[in-house]
Amino acid sequence: MMEIIRKTGRLGDFTFGQKRDPCISFFRKVMSMFIPDGSRPVDNANIGVTISVNPPGIKDITGNSAKAKKGGHASGVQTLWAKTDACFFREIDPETLEPIGYAEQESLHPELVGKLSAAHAKSDPITGDVYNYNLEVGRRTTYRIFRVSAATGKTDIIATITDAPGAYIHSSLITENYYILCVWAGHYAWGGAKLLWDKNLLDAIGDFDPTKKAFWYVVDRKHGKGVVAKYECDPFFCFHAVNAWEEPSPTDPNQTDIVADLSVYPNLDTLKRFYYNNIKSTSPGALNYIDDKRATCRINLRRWRLPSIAAGIPGQSREAVAEHVAESSKSCDLPVVNPRFLTQPTRYIYGTTDTGKSTFFDGLVKYDMQTGEALHWLYQGQNPGEPIFIADPQGTGEDDGVLLSVVLDGFKEKSYLLVLDAKTMKEVARASMECVVGFGFHGTYFPESSGGRPGVDI
Ligand SMILES: [Fe+2]
């Protein structure tokens, strides 16, 4: 990709953010690029938002992967695939990180013809089956929810949704028995046709409309019943859904509720915050996005309850009940929980936060949903990436483990790997580097003991 930009001065046909200037968009540097027509971005696609280890079902369609493979790796990483908010996958050599293969969701199932999807697929923590949606915009906007079986590699479409607006949805949720798609704000304008006109995601998203509700679709993922319940609430925007689980309804123990935690923004202003000109600390635009001037870009951890899943009437939507909202200073984006507790009740959420004095993240936080208290690791000029939770193999508690984060020291202009105790948020260790590690959004941890099993998509 870099070579193509150097030679042609062009960034390709489709980007996440604007492409009028190679430096204009922060998003373009760290997120995605895709081509919405029939041509395949085999060699030059910028696919690199999330990483999947040994994902089931995905097979290279170019033949390049097979030629490049030299056999398995001692780490247990057999295949490594990068994903983005589109239907494309990029295979990466686990040792050299060279791009070696390419695939599309359509190769998983012939009906997955939409070009849009979520960079974050969701794994069943027990079976390793992977869930995601494929979005086709156009005359009839269609979300196809699909499951890739870890046991067979076969893909099934488990629900089709045609009554929701096409929206930019970066992540979704699963519980023990359900997959949950929340269609929040960030609707594509002109029924999606603006994607073709502007050729980038951000400009194709229409203005925030406070009268348009967010919709939650609960899809049965065990018994083939499709959409079994639908809920709505006041609109918000979100990149990252955190975790969800099922529990008996407090008002009727015979009924089952779903509880869902998300990192949410009040509207779409945060999308503009991350344009390069607003994030560069020395640019005038940055002044609009520090301290109290960016109230509408503030994030909150928010918990919803979807009551009595089985008591719904088909076609009717009920109210999703907001139960808890964390103060902005204690909230975070790039949220994670202890992966052992995915689809189970969780009390602690970890993620990136900031001091309010920086144009970028300059802290990590642990939020306690039960007490409303937070512990911070917070230093101006120290810019951490996503924390990755590694559970203590001997631990039993939800916060038994460590957090890993690659931090840029803005003063030394060098990066280091930070290790924090997940219980106390105190530094356990750091490994300094004599270089800067570029900011990506997401990484993954894959223990050697996993063998060749699929990693967990979150
Ligand atoms: Fe993400």
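Laboratory data are not the source of any read-out in this text; all were calculated from the coordinates shown. Just so it is clear, the structure is predicted and the values come from calculations on it, not from any experiment. A quick note on method: Cβ atoms are made from the backbone with ideal geometry, for glycine too, and the neighbour counts reach across all protein chains shown.
Would you give the gap between the C-alpha center of region 323-342 and the C-alpha center of region 374-389, rounded to a whole Å?
Comparing the Cα centres of region 323-342 and region 374-389, I get a distance of 14 Å.
Quote the convex hull volume per residue of region 65-193, based on C-alpha atoms, as a whole number of Å³.
128
Contour minus end-to-end for ASP368 and ILE313, with contour as 0.36 nm per residue of separation and end-to-end as the Cα-Cα distance?
Numbers: separation 55, 0.36 × 55 = 19.80 nm, distance 3.51 nm.
16.3 nm is the gain from fully extending ASP368 to ILE313.
Could you pull the Cα extents of region 416-458 along its three principal axes, largest to smallest, in whole Å?
Taking max minus min along each principal axis of the Cα atoms, region 416-458 gives 32, 28, 19 Å.
Return P(r) of region 368-431 (all Cα-Cα pairs; 5 Å bins starting at 0; whole %; ordered from short to long distances).
Here the calculated profile for region 368-431 is 4, 17, 24, 25, 16, 9, 5, 1.
Rounded to whole Hz and in sequence order, give me ³J(HN,Hα) for region 98-104 from the Karplus expression 6.51 cos²θ - 1.76 cosθ + 1.60, θ = phi - 60°, writing x for Gly and Pro.
Values, residue by residue: 5, x, 10, x, 8, 8, 10 Hz.
Dividing the alpha-carbon radius of gyration of region 312-458 by 2.2 N^0.38 Å (N being the number of residues), what value is obtained? Please report the intermediate quantities before stating the final value.
Numbers: Rg = 17.1 Å, N = 147, 2.2 N^0.38 = 14.7 Å.
Dividing the Cα Rg of region 312-458 by 2.2 N^0.38 Å gives 1.16.
Counting other beta carbons within 10 Å of each Cβ, put SER117, SER263, SER107, SER432 in order, fewest first. Each step should come with its number before you reach the end.
Working: SER117 26, SER263 23, SER107 17, SER432 10.
So the residues, fewest neighbours to most, are SER432, SER107, SER263, SER117.
Multiply the residue separation of GLU232 and ALA189 by 0.36 nm, subtract the distance between their alpha-carbon atoms, and state the gained length in nm to one decimal.
Numbers: separation 43, 0.36 × 43 = 15.48 nm, distance 2.07 nm.
Contour length minus Cα-Cα distance gives 13.4 nm.
SER75 versus GLN380, label points 7 Å from Cα toward the beta carbon: distance in nm?
For the pair SER75/GLN380, the computed spacing is 3.8 nm.
Could you let me know the centre-to-centre spacing of region 97-114 and region 164-223, using Cα atoms, in angstrom?
21
When all C-alpha to C-alpha distances in region 148-211 are sorted into bins of 10 Å, what percent of pairs does each bin hold, rounded to whole numbers?
Pair shares across the bins are 18, 38, 28, 15, 1.
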